[in-house]
Amino acid sequence: LIFVLIYIIKTVSNRKRMSEIFFMDETTGQHNWLWFITNAERELKKKHNADRKYAVLDVVFVNYRNFCVCHSVEEGGKMLCRINDRIQSFLGKHEITAHHSASHFAVLLEYTDRDELEDRIHKMIDDLEHINDEHKFYYWIGVDRIPESKDEKGKIVRREDVDVEREFNNAGAARATLTVEDSAIAFFDDKMVEEQRWIDLINENQMRALAEEEFVVYYQPKYDPRTEELKGAEALIRWMSPEHGMISPGRFIPIFEKNGFITRIDHYMLAHVAKDQRRWLDAGFKCVPVSVNVSRAHFIEADLADQIKGIVDDAGTPHELIEIELTESAFFDDKNALISTIKKLRDYGFAVSMDDFGSGYSSLNSLKEMPLDVLKLDAEFFRNDDADGRGQIVVSEAIKLAKNLKMRTVAEGVEEKNQVDFLAEQGCDMIQGFYFAKPMPKDEYETRMNNKIA
Ligand code: C2E
Ligand code: MG
Ligand code: MG
């Protein structure tokens with residue numbers, strides 16, 4: 001009997017040890033992710049929890065890496081431990097938490113409605129932010145809600161297929177949309193699924209679209225505000241999708257910038273514009289320079305200027321008919337590479353312009369260092385009403401500054417007659433905006449080339 005007792009005690013304590021080993025987190029010494037999955041799934045599947053709503057949270061301590069750099073990884077680990085304790089102290093019955101990895105924690109919360117849940121998370125954040133006296137920490141929290149399970153008749157039933165990994169991943173996807181340098185909460189919802197599907201769809205179709213020439217060049221004319229003469233145009237992409245109709249660039253350019261396809265697009269646009277210009281020259285049109293957008297992703301390529309020259313020369317188009325637009329975001333990258341590319345482009349006879357000037361914050365510094373031909377004033381200058389005239393002062397000084405730097409100016413997004421008159425007075429060289437013309441297909445643009453506007 002004694003042996004049997006000893007055996008039982010040994011087995012039980014071994015089990016306990018085993019589960020401690022399996023379920024203990026190395027960093028915090030507390031529960032780990034495996035424990036969380038096991039227990040969250042058990043909790044969610046319980047019959048008497050069927051009518052309770054739950055949410056899975058991905059809580060990230062954002063300052064973790066910085067904290068470790070300033071202190072030590074060991075201190076960072078201790079901080080994670082304290083955070084784990086604090087989260088734990090917020091939890092009620094049926095609720096659990098565990099360290100996931102790095103500075104992520106998984107939390108299972110019970111809730112009644114979204115507002116109540118958000119309130120509670122805010123309270124938790126308030127507390128977690130002040131866990132340390134010297135620093136204000138901040139947290140990003142992704143929330144995935146798991147409502148009750150219902151049968152066909154709408155009756156609440158026990159949850160059968162619970163997948164906590166999937167729910168935590170959803171919470172993580174919501175959390176990944178956060179970028180602010182402050183604590184913030186993001187809920188996972190159907191819109192996010194839709195967005196992700198859209199991104200996937202673009203990724204899947206981009207190669208076919210390029211091969212099938214579904215990308216079309218639209219031209220937006222630029223006019224001299226005094227003489228109303230056509231002085232130039234900007235090439236703007238449109239996607240004519242057989243499934244979705246015309247898609248505007250705002251819906252796919254940011255995706256191409258992330259997945260790298262943007263460099264193919266820029267080449268494609270440049271090649272098409274160069275060909276159009278050559279054809280128009282041969283047909284006897286009075287051609288004006290057309291600007292093409294080149295994304296910042298391109299500027300890591302040392303031979304960019306030669307690539308551009310190659311494409312334009314293939315079409316046999318004079319270089320003075322092509323202008324290259326750089327957005328301000330390009331000016332943050334490798335400055336020296338950028339300057340040398342700009343110089344080369346200008347040596348080849350291409351004009352180079354700074355797009356969306358005034359929408360960022362390093363504009364003035366970039367102007368100091370970059371030898372550019374054209375300054376494009378951002379549409380934002382002309383958006384809000386300007387009751388006290390401060391906007392006019394800024395615009396008029398920007399035009400003067402450009403003139404002193406021997407640059408031409410283009411005002412973008414101008415929609416009102418009084419704005420046109422003001423810009424004409426200030427000596428702005430060109431206007432590109434709906435007041436004169438919207439971006440248009442090329443056959444319509446052709447009719448504008450020889451004509452003055454009506
Ligand atoms: P962006 O280069 O600053 O182009 C100007 C945008 O302002 C165009 O939008 C144009 O339609 C719009 N716009 C012009 N005048 C007015 C106006 O008076 N009022 C208003 N509300 N809007 C006006 P779009 O065509 O939708 O293009 C958006 C952005 O997408 C462009 O901004 C550019 O950054 C990017 N993009 C377009 N085509 C290309 C391309 O071929 N390559 C690259 N890399 N980016 C492109
Ligand atoms: Mg542009
Ligand atoms: Mg622009």
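When you restrict to C-alpha pairs under 8 Å that are six or more residues apart and normalise by the size of the stretch 22-162, the relative contact order lands at 36 percent. Principal semi-axes of the equivalent ellipsoid, √(5λ) from the alpha carbon gyration tensor of the stretch 1-42, are 28, 12, 5 Å from largest down.
What's the long-distance tail for the stretch 55-155, i.e. % of Cα pairs beyond 19 Å? That fraction is 44 percent.
Counting Lys and Arg as +1 and Asp and Glu as -1 over every other residue whose Cβ lies under 13 Å from the Cβ of residue 176, the net charge comes to -1. Other residues whose C-beta falls under 12 angstrom from the C-beta of residue 33 contribute a net charge of -4, scoring Lys and Arg +1 and Asp and Glu -1. Report note on the peptides 263-271, 335-343, 245-253: ranked by the mean count of other C-beta atoms within 10 Å, highest first, their order is 263-271, 335-343, 245-253. The Rg/Rh ratio for the stretch 263-310 is 1.04, where Rg is the radius of gyration of the alpha carbons and Rh is the Kirkwood radius. A crude spin-label estimate for the pair residue 81 and residue 155, with each label 7 Å from Cα along the Cβ direction, gives 5.1 nm. Here the relative contact order of the stretch 308-454, from alpha carbon pairs under 8 Å that lie six or more residues apart, stands at 17 percent. When you count the other C-beta atoms within 10 angstrom of each residue and take the mean per peptide, 274-281, 216-223 line up highest first as 216-223, 274-281.
Close amide-amide hydrogen proximity is noted between residue 138 and 62, 63, each under 5 Å apart and 5 or more residues distant or on a separate chain (H modeled in the peptide plane; Pro and chain starts excluded). What percentage of all Cα-Cα pairs in the stretch 137-230 are separated by more than 14 Å? Result: 79 percent of Cα pairs exceed 14 Å. The alpha carbons of the stretch 144-295 stretch over 76, 38, 28 Å along the principal axes, in descending order.
Helix 390-404 against the longest principal axis of the chain: what's the angle in degrees, Cα atoms only, rounded to the nearest 10? Roughly 60 degrees, rounded to the nearest 10. Distance from the alpha carbon centroid of the stretch 229-269 to that of the stretch 176-218 works out to 14 angstrom. In the stretch 304-454, inverting the average of 1/r over every pair of distinct C-alpha atoms gives 16.8 Å as the Kirkwood radius. Working value for the stretch 389-453: equivalent-ellipsoid semi-axes of 25, 14, 9 Å, each the square root of 5 times a Cα gyration tensor eigenvalue, largest first. Helix 335-347 and the longest principal axis of the C-alpha atoms of the chain enclose an angle of approximately 20°. Computed from the C-alpha gyration tensor, the three semi-axes of the ellipsoid equivalent to the stretch 237-324 are 24, 19, 9 Å, from longest to shortest. Over every Cα atom in the stretch 14-109, the radius of gyration and the widest Cα-Cα span, Dmax, amount to 14.6, 48 Å. Roughly speaking, what % of Cα-Cα pairs in the chain are separated by over 42 Å, rounded to a whole number? Every Cα pair in the chain considered, those over 42 Å come to 40 percent.
No value in this document is a laboratory result; all are computed from the given coordinates. Quick caveat, the model's predicted, so the values are computed rather than measured. Cβ: placed from backbone, ideal geometry, glycine included. Neighbour counts: every protein chain shown.
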